[in-house]
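Novice: Got a structure for you, written out below as structure tokens; questions coming shortly.
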Amino acid sequence: MPGPTPEDGAADELAGFLSVLQLSDSAFPSGRYTLSHGLEAMVQSGLLPAPADPVTLVNLLDSQVRYGVAPSDGIALACAHRATGTGSPDVETIMRADARLTAVKLGREARDASTRTGRALLDVARVAFTGKTLVGYAEAVETGLTPGNHAVVLGVLGAELGVSRVQAVGGELYAFAAGWVSAAVRLSVTDHRTAQGVLHRVRPALAAAAVEAADLDVAQISGCTPLLDVMSMRHEEGGLRLFAS
């Protein structure tokens with residue numbers, strides 16, 4: 001029988017890329033559209049004017065990705081992806097990444113949002129996709145053996161769908177950024193056209209952060225965004241809330 005052709009490899013790579021598009025789509029039913037990532041509390045506290053200067057938005061989003069999302073969710077996703085993609089999945093490493101990611105999310109709101117959307121992603125994935133590691137991991141989440149953070153679920157799922165590790169991390173960072181600018185629009189911090197400009201301008205930061213996070217390990221899962229952590233903690237005190245966090 002003839003061996004695989006270059007066209008077969010291109011098709012597999014494209015299939016993985018299409019999976020990234022599906023999983024990072026705002027229409028994917030994981031509930032992430034309910035999150036403002038601290039923006040709503042910042043607006044209510046007067047720390048972020050409405051409307052805000054585009055440069056301010058770019059800098060804020062860039063910092064949140066570089067120092068918050070990429071070193072926490074990004075690295076945890078990469079660890080889960082790497083552990084799943086081996087010939088014999090390393091479930092222990094997946095669970096260690098899950099536990100450490102929960103530990104570095106200092107605010108209860110951030111932890112709850114991560115596991116709530118993670119479990120929603122699991123529910124959809126078990127119906128829409130297949131994968132032995134995903135099924136075993138879902139059982140561990142249901143029995144309380146592991147938290148079920150969204151990024152970790154996505155890492156397992158991405159590996160089983162044939163998505164490359166760096167593309168899986170990049171897709172997650174892009175989904176975060178897209179949700180962030182969408183929240184900014186809904187909060188009247190900016191308009192749709194400016195929001196797309198902000199998203200375009202942070203592409204180099206997303207790409208660089210994804211490449212770096214893709215090669216790091218569980219011990220390096222971290223995060224340092226104290227202002228946004230405080231804003232997320234204050235969110236529940238708001239009199240009127242458009243977002244869940």
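The values are calculated or read from the model by the stated rules, or taken from the named source; none is laboratory data. Here the structure is a predicted model, which is why all the values come from computation and not from measurement. Cβ: placed from backbone, ideal geometry, glycine included. Neighbour counts: every protein chain shown.
Novice: All but one of (1) modelled with pLDDT of 90 or more; (2) crowded, with 17+ Cβ neighbours inside 10 Å; (3) more than 12 Å from the chain's Cα centre (by Cα) hold for Leu14, so report the exception by its number.
Specialist: (2)
Novice: Still on this structure, I have one more. Return a yes/no flag: does the range 178-186 have any residue that is of a type in the set (D, E, K, R) and within 19 Å of Glu13 (Cβ to Cβ).
Specialist: no
Novice: In the range 40-63, which residues are outside any helix (DSSP H, G or I), farther than 16 Å from Asp191 by Cα and without any contact (Cβ under 8 Å) to a residue 12 or more places away in the chain?
Specialist: Correct list: Gly46 only.
Novice: Just for the range 109-135: of the residues that are at pLDDT 90 or above, under 15 Å from Gly155 (Cβ atoms) and among the hydrophobic types (A, V, I, L, M, F, W, C), which one is surrounded by the most Cβ atoms within 10 Å (Cβ to Cβ)?
Specialist: Top of the filtered list is Leu121.
Novice: Further, regarding this structure: Could you count how many residues in the range 197-212 are more than 13 Å from Gly171 (Cα to Cα) and among the charged types (D, E, K, R)?
Specialist: The number of residues fulfilling the criteria is 2.
Novice: Also, quick follow-up: Being under 15 Å from Ser114 (Cβ atoms) and touching a Ser or Thr at 6+ places or on another chain (Cβ under 7 Å) narrows it down to one of Val163, Val152, Val156, so name that one.
Specialist: Exactly one of Val163, Val152, Val156 is under 15 Å from Ser114 (Cβ atoms) and touching a Ser or Thr at 6+ places or on another chain (Cβ under 7 Å), namely Val156.
Novice: From the set of residues in the range 64-100 that are among the hydroxyl-bearing types (Ser, Thr, Tyr) and assigned to a helix (DSSP H, G or I), which is nearest to the chain's Cα centre (by Cα)?
Specialist: My answer is Ser72.
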